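Written below as structure tokens is the structure these notes are about.
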Amino acid sequence: MTTAAPETVETTDPSALEAVFDAAVAADERIEPRDWMPDAYRATLVRQMAQHAHSEIIGMQPEANWITRAPSLRRKAILMAKVQDEAGHGLYLYSAAETLGTGRDELLDKLHSGRQKYSSIFNYPTLTWADVGAIGWLVDGAAITNQVPLCRCSYGPYARAMVRICKEESFHQRQGYELLLALSRGTEAQHAMAQDAVDRWWWPSLMMFGPPDDESAHSAQSMAWKIKRHSNDELRQRFVDICVPQAESLGLTLPDPALRWNEERGHHDFGPIDWDEFHQVLRGNGPCNEQRLDRRRKAHEDGAWVREAALAHAAKHSAPEHTDRTEHPEASA
Ligand code: 3HC
């Protein structure tokens, strides 16, 4: 916090501490790791940041599927950089969650055992090369719409992580748009491939923003704490309004016959979302849930030797007797 931090307040009275916390949130100050915070605030942040971090690393899978089949060296280099960026985003977010006292091991364990969620969107398959473009344009576009307001989240480490993530996501969105534009302006078959990808990714992208406001369990409290700055429906509407003119420029059609400008509301109306599909995916019944989690668990197991080696290396170098002499005994002979 920029003013008197709750920990420096001369009291251990919980209600006094809570009053300082509430005042800091009301004044738009940042809460920092050592500040006093309500247990429920901490738990909500860990839940959301963990879900976010898991989404970043699981999200590497659908696109990595196309790295070996990218149509040119340029496209391959771009895609590899993007997938690496997502790993980096996971790292920033797990590190930010660690500042709240929850280690990465514990969070990964919860992901692998299905006790924590990751974004529904990554349970859909990438069937053609155009899906890489549709993910960049729509999925990264939805992520930016959702995440730019998180740069103003009340919790400092999360907000700061989001600044860099959003800058990188913005490149991702543009590469997807540019890829789709190239396909849309290409041959008839390429145009059809781009349209098919947009047809399949549009509705799941709208689901990324979460359930409708009246069914969102956490929104009201998260907004009161200024973790979330806008409701799920507000951000979904903003995303639709952004995408409509972009789809026109791309020469592609959004697969919603009900989509039209509403002069009175100053927004686009859009058709009903299939929330049954959303809940099915959350329950583990999406097209790729099983495959995504299996692959994640296997990657974790395959990486066990790296973690063991890193720990052994760190232990060796922190041991008091560790000197150059012990490493090279002949040097002192
Ligand atoms: N997929 C999976 N679960 C979802 C979901 C989605 N699209 N939308 C909501 N949920 C879950 C919530 O986590 C919550 O479950 P829980 O109680 O077990 O945690 C439940 O559905 C009820 O939803 P709420 O609206 O009450 O939940 P929130 O207030 O947390 O809002 C959210 C959901 C808008 C996704 C919010 O958590 C958020 O903004 N998270 C940070 C951003 C994020 O996680 N993005 C992931 C997108 S992908 C990404 O970033 C990778 C990039 O490379 C594209």
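Quick check, is Glu308 under 25 Å from the mean Cα position of the chain (by Cα), at pLDDT 95 or above, farther than 24 Å from Arg200 by Cα and open to solvent by 50 Å² or more (accessible area, probe 1.4 Å)? Outline the logic, then answer.
Details: under 25 Å from the mean Cα position of the chain (by Cα): no; at pLDDT 95 or above: yes; farther than 24 Å from Arg200 by Cα: yes; open to solvent by 50 Å² or more (accessible area, probe 1.4 Å): yes.
So Glu308 does not fit the description; no.
Restricting to segment 139-164, what's the tally of residues that are more than 10 Å from the ligand (Cβ to nearest atom) and either outside any helix (DSSP H, G or I) or among the aliphatic types (A, V, I, L, M) (or both)?
Residues in segment 139-164 being more than 10 Å from the ligand (Cβ to nearest atom) and either outside any helix (DSSP H, G or I) or among the aliphatic types (A, V, I, L, M) (or both): 6 in total.
Which residues, counting only those in segment 239-296, are assigned to a loop (DSSP other than H, G, I, E, B), open to solvent by 70 Å² or more (accessible area, probe 1.4 Å) and either under 23 Å from Ser55 (Cα atoms) or touching a helix residue (DSSP H, G or I) at 6+ places or on another chain (Cβ under 6 Å) (or both)? Let's see the steps before the verdict.
So in segment 239-296, the residues assigned to a loop (DSSP other than H, G, I, E, B) come out as 251-259, 263-266, 270-274, 286-288.
Subset that is open to solvent by 70 Å² or more (accessible area, probe 1.4 Å): 253, 257, 263-265, 272, 274, 287.
Across segment 239-296, the qualifying residues are Asp274, Pro287.
Right, Ala217: surrounded by fewer than 18 Cβ atoms within 10 Å (Cβ to Cβ), within 13 Å of the ligand (Cβ to nearest atom), assigned to a loop (DSSP other than H, G, I, E, B) and not aromatic (Phe, Trp, Tyr) or not?
So Ala217 fits the description; yes.
Out of all the residues in segment 273-319, which are of a type in the set (A, V, I, L, M, F, W, C) and either closer than 21 Å to Asn65 by Cα or in contact (Cβ under 8 Å) with a residue 12 or more places away in the chain (or both)?
Across segment 273-319, the qualifying residues are Ile273, Trp275, Phe278, Val281, Leu282, Cys288, Leu293, Ala299.
Filtering segment 108-124 down to residues that are within 13 Å of the ligand (Cβ to nearest atom) and part of a helix (DSSP H, G or I), which residue is surrounded by the most Cβ atoms within 10 Å (Cβ to Cβ)?
From segment 108-124, those within 13 Å of the ligand (Cβ to nearest atom) are 110-111, 114-124; that's our starting set.
Narrowing the set further to residues that are part of a helix (DSSP H, G or I) leaves 110-111, 120-123.
Details: Lys110: 17, Leu111: 22, Ser120: 20, Ile121: 23, Phe122: 25, Asn123: 23.
Here the answer is Phe122.
Can you tell me which residue within segment 168-206, out of those that are within 13 Å of Asp140 (Cα to Cα) and hydrophobic (A, V, I, L, M, F, W, C), is modelled with the lowest pLDDT?
The residue in question is Phe171.
Restricting attention to segment 47-60, does a residue exist that is more than 16 Å from Ala97 (Cα to Cα), assigned to a helix (DSSP H, G or I) and within 13 Å of the ligand (Cβ to nearest atom)?
Yes: segment 47-60 contains one or more residues that are more than 16 Å from Ala97 (Cα to Cα), assigned to a helix (DSSP H, G or I) and within 13 Å of the ligand (Cβ to nearest atom).
The values are calculated or read from the model by the stated rules, or taken from the named source; none is laboratory data. Just so we're clear, the structure is a prediction, and the values are computed from it rather than from any experiment. Reconstructed Cβ throughout: ideal geometry from the backbone, glycine too, with neighbour counts over all protein chains shown. Heavy atoms of the whole protein, side chains included, go into the accessibility calculation; ligands, DNA and RNA do not. Shrake-Rupley method; radii C 1.70, N 1.55, O 1.52, S 1.80 Å.
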